[in-house]
Amino acid sequence: MIFSPVEIQETVNMFMRQKLDIRCITMGISLLDCADSDSKRACDKIYDKVMKKAGNLVKTGQDIEKEFGVPIINKRISVTPIALVAGASEAKNYVPYIKTLDRCAQELGVNFIGGFSALVQKGITPADRILIDSIPEALASTNFVCSSVNVGSTKSGINMDAVKMMGETIIKTAEVSKNCDVNGCAKLVVFCNAPEDNPFMAGAFHGPGEADCVINVGVSGPGVILAAAREYKGQPINVLADGIKKMAFKITRMGQLVGSEAARRLGVDFGILDLSLAPTPAVGDSVARILEEIGLEGCGAPGTTAALAMLTDMVKKGGVMASTNVGGLSGAFIPVSEDEGMIEAAKNGSICLEKLEAMTTVCSVGLDMIAIPGDTPATTISGILADEFAIGMVNNKTTACRLIPAPGKKAGEWVEFGGLLGGCPVMPVSKFGCADFINRGGRIPAPIHSFRN
């Protein structure tokens, strides 16, 4: 890959002034060969393999940062969904597995390991049930491991028994971890159409169809795209869209370079490059501010969904031209507590839960890092999950929810998560219930267009 002097100077300017960074390099590790009928032996195998494969991950990332001058914010690991590994054992609780992963993360110096996960889009095995039941204690007793559960897909429909379970699990997790430094629900994602190669937390896991070990890279550049939007102020939308696409191309080329180099040095395959715009609470690193620069008085105003659709599509189009390895989620994240502009929109009332749901029809994921009142019924949470996953199922896209009931908090009160997780006001939810619907259980059948082969 050859870069011209102009491109190099342009990229340096992105780093120095526009907060461009490699948001994460994530090593995916298969643990399928660690399954054992004895859970202690299985945990020992997991520890040995993760430590062996990822032993040089952090150092390699740091070396590339120094040599290339590219900020790599997070070094992470994703593993095979633990329910697939632990199911071989007779264990009735999977907390020892997550504590093993937590120990690995602490000793390796990575900031998160993803993969305390289950795939239950069509049915729930005994191992899946044990894992889901273990989530509240598991997330409250560890610091560095994230959990995810996939409850639906376009091919399978939505497992409403699992949706009900996850509503109850979210409530239990919030309560059990209310005195922890980080609410456990901030490390728990529920999915429809979960990708197997996602490098971003908290939803990362190493899919069973992946290679034994790979490097996936997540690039993020809201500040760069914001600068591009400012360059085209007053221009027609199609002209602005072309400018965003060109900038996404440049961002992706930089990510391709870093990902390829990291994979080469670690002696593993280069998996995918996820070019999602992933915001932070820092000023100048906000997706909401991009939408406002496009011409909205406030994020959530009429036109927001259309602007976000254009933004997401142009980021993807620019990326796929720059790399043959584009995958994961790729597009634009809209987490409330992790985006300075979204936080402001939630404060001033320009955005609400229902508008965020509408926006998820066109963005990368879904309802992300949203604080809701602590007394929200589990069935209401399940109803919110079901609505979001219906969007994903019908539109053949990934949708997810990371909802955080704030114990003792009411709508409008502030809740703080800390660090990159940020903080935000508690958002109101509908006062009308859906218990009879959720308690039916069963499965919402796959849509008609799922029948393809």
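Any residue in the stretch 325-343 that's more than 19 Å from Leu420 (Cα to Cα): show its pairings with residues that are at pLDDT below 80 at Cβ separation under 7 Å, as long as the two are six or more apart or on different chains.
Short answer, once both residue conditions are applied: Leu329/Ser364; Ser330/Ser364; Gly331/Ser364.
Output the qualifying pairs, or none if there are none: Cβ atoms under 9 angstrom, residues six or more apart or on different chains, first residue in the stretch 424-453 and farther than 15 Å from Gly157 by Cα, second residue among the charged types (D, E, K, R) and surrounded by fewer than 14 Cβ atoms within 10 Å (Cβ to Cβ).
As it stands, the answer is Cys424/Lys347; Cys424/Glu416; Pro425/Lys347; Pro425/Glu413; Val426/Lys410; Val426/Glu413; Pro428/Lys410; Ser430/Glu354, since those pairs meet every condition given.
Kindly indicate which of Ala118, Ala105 is farther than 19 Å from Pro405 by Cα, at pLDDT 95 or above, among the small types (Gly, Ala, Ser) and assigned to a helix (DSSP H, G or I).
Step by step, each of Ala118, Ala105 is checked, and only Ala105 is farther than 19 Å from Pro405 by Cα, at pLDDT 95 or above, among the small types (Gly, Ala, Ser) and assigned to a helix (DSSP H, G or I).
Output the residues belonging to the stretch 139-162 that are in contact with an Asp or Glu (Cβ under 9 Å, 6 or more places away or on another chain) and under 24 Å from Gln106 (Cα atoms).
Ser141, Thr142, Asn143, Phe144, Val145, Val149
Give, as residue ranges, the strands (runs of 3 or more DSSP E) completely inside the stretch 339-420 that count at least 2 residues that are at pLDDT 90 or above, hydrophobic (A, V, I, L, M, F, W, C) and open to solvent by less than 10 Å² (accessible area, probe 1.4 Å).
Ranges flagged: 367-373, 399-406.
What residue, of Ala241, Ala248, Ala204, is in contact (Cβ under 8 Å) with a residue 12 or more places away in the chain, buried (at least 24 other Cβ atoms within 10 Å of the Cβ) and closer than 14 Å to Asp313 by Cα?
Unique residue meeting the criteria: Ala248.
Testing Leu188 on (1) among the aliphatic types (A, V, I, L, M); (2) buried (at least 24 other Cβ atoms within 10 Å of the Cβ); (3) out of contact with any helix residue (DSSP H, G or I) (no Cβ under 7 Å at 6 or more places or on another chain), one condition comes back false. Which one is that?
Just one mismatch for Leu188, condition (3).
Give the stretch 290-312 a look and list any residue that's touching a residue at least 60 places away in the same chain (Cβ under 8 Å), under 27 Å from Asn216 (Cβ atoms) and open to solvent by 10 Å² or more (accessible area, probe 1.4 Å), or say none.
Across the stretch 290-312, the qualifying residue is only Met310.
Wholly within the stretch 1-86, which helices (runs of 4 or more DSSP H) include no fewer than the required count, namely at least 1 residues that are touching a Gly at 6+ places or on another chain (Cβ under 7 Å), buried (at least 20 other Cβ atoms within 10 Å of the Cβ) and at pLDDT 85 or above?
82-86
Restricting the search to the stretch 252-281, which residues are surrounded by fewer than 24 Cβ atoms within 10 Å (Cβ to Cβ) and under 17 Å from Ala227 (Cα atoms)?
Answer for the stretch 252-281, where residues must be surrounded by fewer than 24 Cβ atoms within 10 Å (Cβ to Cβ) and under 17 Å from Ala227 (Cα atoms): just Thr280.
The values are calculated or read from the model by the stated rules, or taken from the named source; none is laboratory data. Just so we're clear, the structure is a prediction, and the values are computed from it rather than from any experiment. Cβ atoms come from the backbone with ideal geometry, glycine included; neighbour counts cover every protein chain shown. Quick note on the areas: whole protein, heavy atoms, side chains included, nothing else; ligands and nucleic acids left out. Shrake-Rupley method; radii C 1.70, N 1.55, O 1.52, S 1.80 Å.
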